[in-house]
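What follows is a single structure, written as structure tokens, with notes after it.
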Amino acid sequence: MSKRILVADDEQNIVISIEFLLRREGFEVTVANDGEEALASVRAQKPDLVLLDVMMPKMNGFDVCQAVRADPDLSATRILMLTAKGRDTEVSKGLGLGADGYMTKPFSTKELLSEVRKLLEV
Amino acid sequence: MGSVRKLALAATALCLSVLVLVATTAAVMLVSESDGSGAGRTPEERVAMLCVLVFVGCALGCWALIRLHALYVSAPLRMAEELLATVAYGRLRLPDEGAPELRALGRAANQLLAVRDALEADVAERVREARASLEEERSRLAALMADLSQSVVVCNLDGRVLLYNQRAKQELSGSADGSTLGLGRSIYTVFDRALIEHAIERLQQASRESTVGTEGRKLLGSLQFVTATPAGRLLRAQLSPVLGGDREHGAQIGGLAITGFVLVLDDVTTSNERQARRDALIQSLIEGGRGPLGSIRAAAEMLSDFSDMPPRQRDRFLTVIRDEARALSKHLENAAGAFSSDLRERWLLEEILGSELVEVAARRITEPRPNERRILVVKTEDVDEDLWLRVDSFGLLQALRYLALRLQDEYQVREVRLSLTREGQLAQLDLSWLGTFMNNETAMSWLQDPMVIGSESSPLSVGDVIERCSGEIWFQRVRVSHRAMFRTMLPAAAAPKDLPRVIVAAEEGERPEFYDFDIFRWSTASHELDDCTLAELSYTVFDTETTGLQPSAGDEIIQIGATRIVNRRLLRHECFDQLIDPCRRLSPQSIEVHGITQDLLTGQPTIETILPQFRAFCADTILVGHNAAFDMRFLQLKEKQTGIRFDQPVLDTLLLAAVLHPNQRTHKLEAIAERLGVSVFGRHTALGDAMVTGEVFLKMLPLLAEMGIKTLRQAREASEKTFHARLKY
């Protein structure tokens, strides 16, 4: 069974590239365009990995992360924050809230792929 | 006419009148005798009786006269003398004796004297009070200035420094040519004279313009300008005139004469540099971005417009896009890194030692509140002792207190823990507790609510405060141990290299040394120094330690110590104290004398570096030394080598001592000091000797004045005359 990944980001132009890349690698990819949608999607579909942007409308990525981590049912979900908020205090916050990884944009797609593989242990 | 003569005259007159009276009586008797019987006395007996009568009459008369004289002539004269005496010595009173009329006069005079004494005492008391309150104001001003984080310098119109604070000294000192800030020194060694004059002119101009045609007087308070110091620092100066009533001086603003000016200085070198860096950063981002973006855009447009291009061409465009995108990413990362460190220099924040912050936070949290009996216990653990933070400490303390107290109020938390650790470049500050805790949404709302606890409130929220410090705060549960915490990440700061805040404490009874208002009136009006009184001149008292006693035989200076005397005060805190490498070996005998060993001197600057600095230190003063001829000879011999000439007048305390006490055998410094009551300690360092020489010199000044030596010319002439002056090196 292929791993399922949720990409949560409101910027279409980056979603298109990530989606393309991950599908080619054989992952099942779903997309959410804002924080509320993302949280609902995680609860409903229980993906193996969430690629989470911080700056999203309705609910920001930090809150989504905290909410997911607060839910014991979702403890198996891996979270990789993928965001333009790159200050070291923000990175620290993300990791402190329970994210399993943090990457700042712009990033190399190769690195993204290796990080995804690492988190999904494939 | 003397009272005795008067008495004699009166007595003579009395006797004569008695004589005349008796003679007349005798003549009348004789006439009546020649008519009558003639029995009874013989003419001799009659004459004898007459003589006795005359004698007795005269005696009685004279006695009466003398008594009257004593009571009413000499007694008032005595009283007059005594009254005269009370003019000089206030406490005397007239004795209550003599004739009743004089006694009444005496009592009246005594009353007048009492009134006069009371008046004098009153005046003295008022003067003392005024002086005390003035001293208090001065001390307050000095304390205020000492504590300011800006540099403040007060000068008189000639640019002589009257007052400055520690920060000014540190900011304006330390340039290569030795120009330093000091009382009585010219500010124009640091600032360009023309600049200050121009600023004062502009102030005058502005005040003139504003008084024309307007009702009220509008004075332009101050003027700002930016200037570079000789040391290469950029200073923003604010110049405000000091206006006084004295109309003697030429410059005026709005009708009031300028007697001086106050400079408040800000070192803007760093903030200027930072601003320049930031501008450069933005510029490079813009310009550095345009190139790669241009390439990417062009390549992308090619790809989209010409979809029928050969694969190789396509590949080339794609490579272009890939490479340029990578370059742009790298550029952005570099800029972000450079920018984030500048961002932390926000001026609202101050540096504080992390452990100190935690300690104060703990104290503030456990402060008893008016309506709350239970005390919240605060434990601090894991506190990194060397971690510095750059934060709005007040806001941060408020935030911690707010969170802790809210925990106590809403969740009955009894104990909280504070910890502060370093995580790479960040500081991690945790406020944690055991027991019940809230859900994420509630926690988040706590971070966003304005901080209100009881009667204390602030419009800011905890989140606002932390953001101001460029940090992040969030709520986190530590699952295993049932603890929850508010975790704050803040950028760690470097330990500040800032200036120590030293307030120079005055000795008992001495005025604190950073100001001297008495020289406000001092001007550089050119009168020959020779005619100046010794009391008003400035001096540099100095002493040297040397490798030996023969300047012309290759001995060198190894230490110069000096201090200044301004306005009859020894400035102990403005010294010159420097060891000098003589570039030769020290003889063991000389080491015994001055205690300076060879290794103390290796690595010290040479005379070529130090002499110009010393020259600058003693600029515009008169040199004073003990046996100054010895030291001056050394300095003179270095003229050719260093190009530094010491051409100011020199006074020698050894010669002056000989002027004062020509019959003493020894004129060694210790002996003179003892004679004049100066305590000697710290001897045989150049600075120590200079200090003692300075005190001795100050003690000599009044003694010389008593001898009639008051001006510099007189002092020099007297010195020359003394015997030791014939000793030449």
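The values are calculated or read from the model by the stated rules, or taken from the named source; none is laboratory data. Fair warning: this is a prediction, and the values are worked out from it, not measured in the lab. So basically every Cβ, Gly included, is an ideal-geometry build from the backbone, and we count neighbours across all protein chains shown. Please note that ligands, DNA and RNA were not included when accessible areas were found on the heavy atoms of the full protein model with its side chains. Shrake-Rupley method; radii C 1.70, N 1.55, O 1.52, S 1.80 Å.
Computed from protein heavy atoms with a 1.4 Å probe, the total accessible area buried between A and B is close to 1500 Å². Each pair of Cα atoms in region B:1-133 enters the Kirkwood radius, and Stokes-Einstein at 25 °C and 0.890 mPa s then converts it into a translational diffusion coefficient of 124 µm²/s. Comparing the full protein assembly with the isolated chain (1.4 Å probe, heavy atoms, ligands and nucleic acids excluded), the residues of region B:405-448 losing at least 20 square angstrom of accessible area are B:Leu426, B:Asn440, B:Met444. Mean residue ellipticity at 222 nm from the helices of chain A, using -39,500 (n - 2.57) per DSSP H segment of n ≥ 4 over the full residue count, to the nearest 500 deg cm²/dmol? Taken over chain A, the calculation gives -13500 deg cm²/dmol. With only the Cα atoms considered, region B:566-636 has a convex hull volume of 134 Å³ per residue.
By a 1.4 Å probe calculation restricted to protein chains, B:Met49 has an accessible surface near 100 Å², given to the nearest 10.
Would you mind telling me the share, in percent, of accessible area of chain B contributed by carbon and sulfur at probe 1.4 angstrom? So the carbon and sulfur contribution to the accessible surface is 56 percent.
Report, to the nearest 10°, how far helix B:686-706 tilts away from the longest principal axis of the Cα atoms in chain B, using its own Cα long axis and a range of 0 to 90°. In chain B, helix B:686-706 runs at an angle near 30 degrees to the longest axis.
Computed from Cα atoms, the angle from the helix B:712-721 axis to the main principal axis of chain B rounds to 70 degrees. In straight-distance terms, cross-link reach from B:Lys699 covers every one of the lysines whose alpha-carbon lies under 19 Å from its own, apart from those fewer than eight places away in the same chain; here that gives B:Lys668, B:Lys710.
Candidates B:Thr380, B:Pro292, B:Gly625 compared by Cα position along the dipole of chain B: farthest toward the positive end lies B:Gly625, with charges placed on Cβ.
Placing unit charges on the Cβ atoms only, positive for Lys and Arg and negative for Asp and Glu, gives region B:1-131 a dipole magnitude near 380 debye about its Cα centre. Percent of Cα-Cα pairs more than 49 Å apart in chain B, please. For chain B, the fraction of Cα-Cα distances above 49 Å is 54 percent.
For region B:262-330, a crude dipole built from +1 on the beta carbon of Lys and Arg and -1 on the beta carbon of Asp and Glu, taken about the Cα centre, is about 320 debye to the nearest 20.
Please report, largest first and rounded to whole Å, the three semi-axes of the ellipsoid equivalent to the protein assembly as shown, where each semi-axis is the square root of five times an eigenvalue of the C-alpha gyration tensor. Don't skip to the answer; put the middle values down first.
Numbers: eigenvalues 1864, 326, 146 Å².
Result for the protein assembly as shown: semi-axes of 97, 40, 27 Å.
Across all Cα pairs in region A:24-75, the calculated P(r) in 10 Å bins from zero up to the longest distance comes to 25, 57, 18, 1 percent per bin. The distance linking region B:113-170 with region B:526-593 is 32 Å (Cα centroid to Cα centroid, whole angstrom). Per residue, the Cα convex hull of region B:57-110 amounts to 62 Å³. Taking label positions 7 Å along the Cα-Cβ direction at both B:Leu703 and B:Ala59, the computed distance is 6.8 nm, reported to one decimal.
Between 0 and 90 degrees, the angle of helix B:193-211 with respect to the longest Cα principal axis of chain B falls at about 80 degrees. Dividing the summed -39500 (n - 2.57) terms of all DSSP H runs of n ≥ 4 by the residue count of chain B sets its mean residue ellipticity at 222 nm at -16000 deg cm²/dmol.
With 5 Å bins beginning at zero, the pair-distance distribution over Cα atoms of region B:595-689 amounts to 2, 11, 17, 20, 19, 15, 10, 5, 1, 0 %.
Report the relative contact order of region B:292-403, percent, no decimals, based on alpha-carbon pairs under 8 angstrom and at least 6 residues apart.
After rounding, I find 26 percent.
For chain B, with every protein chain kept in place, what is the accessible area per residue (1.4 Å probe, Å²)? Can you show the working numbers first?
Working: 41050 Å² over 729 residues.
Normalised by residue count, the accessible surface of chain B is 56 Å².
Between the residues B:Ile187, B:Leu223, B:Thr86, the greatest Cα displacement towards the positive end of the dipole of chain B, with unit charges on the Cβ of Lys, Arg, Asp and Glu, is found for B:Thr86. Within region B:55-150, the ratio Rg/Rh, alpha carbon atoms throughout and Rh by Kirkwood, equals 1.50. Ligands, DNA and RNA left out, the 1.4 Å accessible surface of chain A is 49% carbon and sulfur atoms. Taking the dipole about the Cα centre of chain A, with the C-beta of Lys and Arg at +1 and of Asp and Glu at -1, give me whichever of A:Tyr102, A:Met1, A:Pro47 is farthest to the positive side. With unit charges placed on the Cβ atoms, the residue in question is A:Met1. The value given for region B:89-142 is a Kirkwood hydrodynamic radius of 13.8 Å, derived from the mean inverse Cα-Cα separation. Computed on the Cα atoms alone, the convex hull of chain A gives a volume of 92 cubic angstrom per residue.
For the residue pairs A:Lys58/A:Lys85; A:Lys93/B:Lys379; A:Lys46/A:Lys105; A:Lys105/B:Lys330, the alpha carbons lie more than 19 Å apart in A:Lys93/B:Lys379; A:Lys46/A:Lys105.
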